[in-house]
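Since the structure comes first, as structure tokens, the remarks are kept for the end.
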Amino acid sequence: AISAFRKGARVKLPTYAHFPTERVVTWRTAFEAPSAPQSAFAVWVRGGSVAERSHAHRDQGHVSVYSGDRIVLMECGSPDYADPDYDRVYAEAAGHSIMQLGEVRPRGTPVDAPLTVRRLDPSGGAVDVDSTRAYTGARRCSRSVEWTKAGMVTIDDRAELLAPAPAGAEWYRFHVGTVEPLSIEGSDREWIVSWDGARMRVTSPTSLRLEQVEWQDRTWVNRRHRALQVRAA
């Protein structure tokens, strides 16, 4: 690509890819010049590998979603590694949009979390992540993610715990790219969450309670976004 660019040719970059050794899928509708208005829709999904060693974060199954320069779902980024809150706020499960119950600690312990691509093309994608080994208290934990170029993302989480979750326990978390309070409506097994032109529908075969908290991130300096907490009722 660099060689062709130096010869004056226009280079067409691929807009999606599966990286098997890193167990990551990245997808976007287009590449745009950084100086131009951003309109591309983009998704990335993470699995996990035992080859990550001490650099591992507890991010197996994490999903990020961007619409232009607007963040829909996010992770918290990374501050300086010497930050006293590095593990608790950023690198552990709490800093990612995944199941929160019984994560493997310390977060630097690598785990095998296979990522399977069912479909990946210009119209969207569908991937599965088996994150069972990232948790000490789960017999099974999996996530299926499907998306379309029109901006619809479906996340199907399935978990079988070794013991019942305590009432009120934070089961899942989603880091949301807004600093404004989320609108949360619903009850029991069906909820609607809205923010900045995005709408999220949460359904479950068991009763849930949805709450929100402010959370620090390093996507921007000195910014606190909203984290949606999905709790066991």
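General remarks:
- Among residues of the range 208-233 being modelled with pLDDT under 95 and more than 18 Å from residue 76 (Cβ to Cβ), the one that is farthest from the chain's Cα centre (by Cα) is 233.
- Entirely in the range 31-127, the strands (runs of 3 or more DSSP E) that have 3 or more residues that are buried (at least 18 other Cβ atoms within 10 Å of the Cβ) and in contact with a strand residue (DSSP E or B) (Cβ under 6 Å, 6 or more places away or on another chain): 41-46, 63-67
- Candidates 165, 159: the one that is at pLDDT 95 or above, within 25 Å of residue 60 (Cβ to Cβ), aliphatic (A, V, I, L, M) and more than 16 Å from the chain's Cα centre (by Cα) is 159.
- Residue list for the range 149-195, filter: among the acidic types (Asp, Glu), closer than 28 Å to residue 28 by Cβ and open to solvent by less than 80 Å² (accessible area, probe 1.4 Å): 156, 157
- Scan of the range 87-108 for residues that are over 11 Å from the mean Cα position of the chain (by Cα) and under 19 Å from residue 232 (Cα atoms), ordered by number: 94, 100, 101, 102, 103
- Scanning the range 135-148 for residues that are buried (at least 18 other Cβ atoms within 10 Å of the Cβ) and over 24 Å from residue 42 (Cβ atoms) returns 135, 138, 141.
- Pair list, Cβ under 6 Å, 6 or more apart: the range 89-116 residue without any contact (Cβ under 8 Å) to a residue 24 or more places away in the chain, other residue part of a strand (DSSP E or B): 116/128
- Residues within the range 196-214 that are surrounded by 13 or more Cβ atoms within 10 Å (Cβ to Cβ) and closer than 19 Å to residue 154 by Cβ, tallied: 6
- Scanning the range 219-233 for residues that are in contact (Cβ under 8 Å) with a residue 12 or more places away in the chain and not in a strand (DSSP E or B) returns 219, 233.
The values are calculated or read from the model by the stated rules, or taken from the named source; none is laboratory data. Note that the coordinates shown come from a computational prediction; the quantities given were computed from them, not determined experimentally. Here the Cβ is made from the backbone with ideal geometry for all residues, glycine too, and neighbour counts use every protein chain on show. All accessible areas refer to the heavy atoms of the entire protein, side chains included, with ligands and DNA or RNA removed. Shrake-Rupley method; radii C 1.70, N 1.55, O 1.52, S 1.80 Å.
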